[in-house]
1. Which order do the peptides 81-91, 219-229 take when ranked by the mean count of other beta-carbon atoms within 10 Å per residue, highest first?
2. Determine ³J(HN,Hα), in whole Hz, for all residues of segment 143-159 in sequence, where each value follows from phi through the Karplus function 6.51 cos²θ - 1.76 cosθ + 1.60 and θ = phi - 60°; x replaces Gly and Pro.
3. Please work out how much accessible surface Phe188 shows to a 1.4 Å probe, ignoring ligands, DNA and RNA, in Å² rounded to 10.
4. If I ignore ligands, DNA and RNA and count only protein heavy atoms, how much of His46 is accessible to a 1.4 Å probe, in Å² to the nearest 10?
5. Hey, if we sort Arg368, Arg360, Arg92 by accessible area with the 1.4 Å probe, largest down, what's the order?
6. Accessible area, 1.4 Å probe, largest first: how do Thr162, Thr334 sort?
7. How many angstrom lie between the Cα centre of segment 138-203 and the Cα centre of segment 92-123?
8. Once amide H atoms are placed 1.01 Å from N in the peptide plane, what residues at a sequence separation of 5 or more from Leu344, or on another chain, have their amide H within under 5 Å of its amide H?
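The values are calculated or read from the model by the stated rules, or taken from the named source; none is laboratory data. The shown structure was predicted, so the numbers you read here are calculated from the model rather than taken from an experiment. With ideal geometry, Cβ positions are generated from the backbone for all residues, glycine too; neighbour counts draw on all protein chains shown. Side chains are part of the model used for accessible areas, which takes the heavy atoms of the whole protein and leaves out ligands, DNA and RNA. Shrake-Rupley method; radii C 1.70, N 1.55, O 1.52, S 1.80 Å.
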Amino acid sequence: MRHKLLYLLIIGLSFSCETEVDPSLDSSLNVLVIDAWLTNFDSIQHVNITRSQSYFDSQAPSKVPGASVTVRDLTDNTLYTFEEEENRYTWRGGKGATLGIIGNQYELRVELNGDIYTSRTTLNDVPPIDSISFRLEEGNSFFDDLIFGEVFATDLEGQDDTYWIKAWKNGQFLGNIDEINVAYDAAFSPDADNDGVQFIQPIRDLISPIDESRNEELLSPYSLPETLWWYGDTLIYPDSSKYAVLVDEKIYYEIDSIFQNNNVPDYLVSLPLNDDRFVAQSDTSLYVMGDSVYVEIHSISNEAYFFLNQVIIESGREGGFGALFATPLANVSTNIVAENNDNLVAGFFNIAAVSSAGNRLRSEDQVREVK
């Protein structure tokens, strides 16, 4: 009897999920948002100050003007002043100058309309990148051959080091929510106890974007150089299983069918014909360079690590039946405090040391086969 009741309950929930709901949401609080993700890697640093928006507001938030923004080195008392620009607040240190010394503590101070907001963090060290390589996963009945990029680095000795590993494919930042790659020591969490060893494979692999074709087939994260042949205004890959089309001097590539009248959907990625990745060999062919990958490892505080994990959890929610049993939505934490009022504030402050490296897939000799 109990099993029948459970079955009827599931059926009822399934039908109830088909009801279209158009909720009327209250206006959101106008919360100040301070994003101060700084590094010692460049002479130009930015702080963004905006306000939170309603859930259905699709416009980019505009800058809050009139703030005074400084960062002070609490170890040697150096003061870095950020000047107000059109869209953000900027520190320009000049040629060769960088912000921050590893091991020193820093304080962010924002003054706005008589209100004061502060935060403190320490600039932690970062390990060098040992190498970036490529690995072949042989295809099967479910997917074709896939070439993954891998970044190799070794966690610094001493527990509780945290990192944000950022990647760019062909100069485009991999910034989707499922591409945020954070590590606690050499693994994903403090419970793993992976101190002072090489980053585990899932972290190494997350520099590889996972995309699908129109037919929901997995596309290789990285591709070797190849020659495409013109067929009218269509470029055909050598194996004839993919195409690229030229529309308005832009090439839309890795298409699994030729679209009628070159009506290419907006969601497809395109590159201009004069992009550096393309080299015209003749009137009938075009050489496409292999994909490149560039990686930065940023040292982050433990608080920043937990912040980014919260962002992943709150932003990466899937719909459907499973959403009924998901944990409730919650505000993401912040390390910024209002000093002289009870105003709500969001955002985060971190200064990172950065190591970097890059590689381009030029030939099959670079690809390591998994046996």
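1. Going by the mean number of other Cβ atoms within 10 Å, highest first, we get 219-229, 81-91.
2. 8, 7, 4, 10, 10, 9, x, 9, 10, 10, 7, 10, 4, 5, 5, x, 6
3. Solvent-accessible area, nearest 10 Å²: 90 Å².
4. 50
5. Numbers: Arg368 110, Arg360 55, Arg92 145 Å².
Ranked from most to least accessible, the order is Arg92, Arg368, Arg360.
6. Values: Thr162 5, Thr334 50 Å².
Of Thr162, Thr334, the descending order of accessible area is Thr334, Thr162.
7. Measuring centre to centre over Cα atoms gives 28 Å.
8. none
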